[in-house]
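Undergrad: Sending over a structure as structure tokens; questions will come in a sec.
The values are calculated or read from the model by the stated rules, or taken from the named source; none is laboratory data. What you see is a predicted model, and the numbers here were worked out from it, not measured in a lab. Counting neighbours? That spans all protein chains shown, and the Cβs are built from the backbone with ideal geometry, glycine included. Just the protein is used for accessible areas: all its heavy atoms, side chains included, with ligands, DNA and RNA removed. Shrake-Rupley method; radii C 1.70, N 1.55, O 1.52, S 1.80 Å.
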Amino acid sequence: MKRLEPEIIDYYDGEVVEMIANKYDYSNMEALRIFVTSKTHEMLENEECGLTAFGAGAIFEMWEVEMITGDPRNCIYIRGE
């Protein structure tokens, strides 16, 4: 696995964590813990998955799909529908 540059991961972490915290009324620390332990984040860290082709909003939607279905690959962005 080729890992993304830390600066890129930090950018997405900051953006997505803010979205999670705002929508679900979590503290930033709780939102960060939830996001970094998700499959979505694991895929984001893996450069070969190519998730940086998507904006932070799409990554947030992938995370939400994962929370509902258990798999971020069920997201429309990855399924390509």
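Undergrad: Out of curiosity, is I68 surrounded by 13 or more Cβ atoms within 10 Å (Cβ to Cβ), β-branched (V, I, T) and part of a helix (DSSP H, G or I)? Give the derivation first.
TA: Details: surrounded by 13 or more Cβ atoms within 10 Å (Cβ to Cβ): no; β-branched (V, I, T): yes; part of a helix (DSSP H, G or I): yes.
The answer is no for I68.
Undergrad: Continuing with this model, one more query. Looking only at segment 54-65, count every residue that is assigned to a loop (DSSP other than H, G, I, E, B) and surrounded by fewer than 16 Cβ atoms within 10 Å (Cβ to Cβ) and tell me the total. I'd like the intermediate steps shown before the answer.
TA: First, the residues of segment 54-65 that are assigned to a loop (DSSP other than H, G, I, E, B): 54-55.
Subset that is surrounded by fewer than 16 Cβ atoms within 10 Å (Cβ to Cβ): 55.
Matching residues across segment 54-65 total 1.
Undergrad: Condition first: in a loop (DSSP other than H, G, I, E, B) and open to solvent by less than 20 Å² (accessible area, probe 1.4 Å). Now tell me which residues in segment 1-53 satisfy that.
TA: Passing the criteria: L4, S38.
Here's the yes/no breakdown for (1) of a type outside the set (D, E, K, R); (2) within 12 Å of the chain's Cα centre (by Cα); (3) under 16 Å from E7 (Cα atoms):
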position	(1), (2), (3)
M29	yes, no, no
T37	yes, yes, no
A56	yes, yes, yes
W63	yes, yes, no
